Amino acid sequence: MRRVNSFLTATAIVLIVVVLSSCQSVSRGKVQNIPATSQPTGVNVLVDGKLVGQTPINLQLARESVHSVRFEAEGYRPVEIQITQRRPPMVETMLSNLWLIPVGGVVIGSPIYLIWRGATGKFEELGEWGRATASGVAGGLIAWLVGSNLDRNRASSSDLEPQTLHIEMEKAQAEGESPEVIQIEKENLQQIHWIRIAAK
């Protein structure tokens, strides 16, 4: 009997680890989609120093780390944006992991029921159905609470921000080009009411 109980306990531990370790990849995914657009379009996009394409583009960024996104185009000033991590609220994480309750009820609850049934004869007044139900509820709550806490504290479950990127590129001053100077004679200043400058 002891060997059976030891085997069931080991099986329960393995199942708990497997279920809880997989919760993040199932509920949130390891990458986050971040749309990137620009004006003008066709701007080169580099993520962490590597060229990944041109705008418009959907960036697939790993949640487990921060990223640097750089926009480059000939004749325009480059723009660089830092993508940071935000830990999701606990309530949001728990709601996204509600699926763990029925899974944990079966995967974790079943070994609990078998151990409970084989190790003791207590709570016989509950009957087989009552003990099975209690084991399922306990297994579901264990998976949900522990899994949500582990999920929230993983770097790979973070939300990346900003969640969308739109860049208005500014034209760069040509190398060696002097800024345009408009000279106004002193005696004409009083005759000028407004000045309009149009970019070329």
Problem - Condition check for T133: of a type in the set (S, T, Y) and modelled with pLDDT under 65 - result: no
Exercise for the section: Could you check how many residues of region 102-120 are loosely packed, with under 14 Cβ neighbours inside 10 Å and either part of a strand (DSSP E or B) or within 27 Å of the chain's Cα centre (by Cα) (or both)? Expected result: 0
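Residues are listed down the side, and each one gets a yes or a no for (1) of a type outside the set (S, T, Y); (2) without any contact (Cβ under 8 Å) to a residue 40 or more places away in the chain; (3) within 30 Å of G53 (Cα to Cα):
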position: F71; (1), (2), (3): yes, no, yes
position: Y76; (1), (2), (3): no, no, yes
position: R87; (1), (2), (3): yes, no, yes
position: P102; (1), (2), (3): yes, yes, no
position: I112; (1), (2), (3): yes, no, no
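Would you mind stating whether Q163 is more than 19 Å from P102 (Cβ to Cβ) and either aliphatic (A, V, I, L, M) or at pLDDT 85 or above (or both)? Spell out the reasoning first.
On the way: more than 19 Å from P102 (Cβ to Cβ): yes; either aliphatic (A, V, I, L, M) or at pLDDT 85 or above (or both): yes.
Yes, satisfied.
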Fill in the blank from the handout: The number of residues in region 40-98 that are surrounded by fewer than 12 Cβ atoms within 10 Å (Cβ to Cβ), basic (K, R) and within 26 Å of S148 (Cβ to Cβ) is 1
Practice task
Report those strands (runs of 3 or more DSSP E) wholly inside region 10-101 carrying at least 1 residues which are at pLDDT 75 or above, within 13 Å of D159 (Cα to Cα) and under 16 Å from the mean Cα position of the chain (by Cα).
Solution key: 31-39, 57-62, 67-72, 79-86
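The values are calculated or read from the model by the stated rules, or taken from the named source; none is laboratory data. From a predicted model like this one, the values you see are computed outputs, not experimental measurements. Cβ coordinates were reconstructed from backbone atoms using ideal geometry, including for glycine residues, and neighbour counts include every protein chain displayed.
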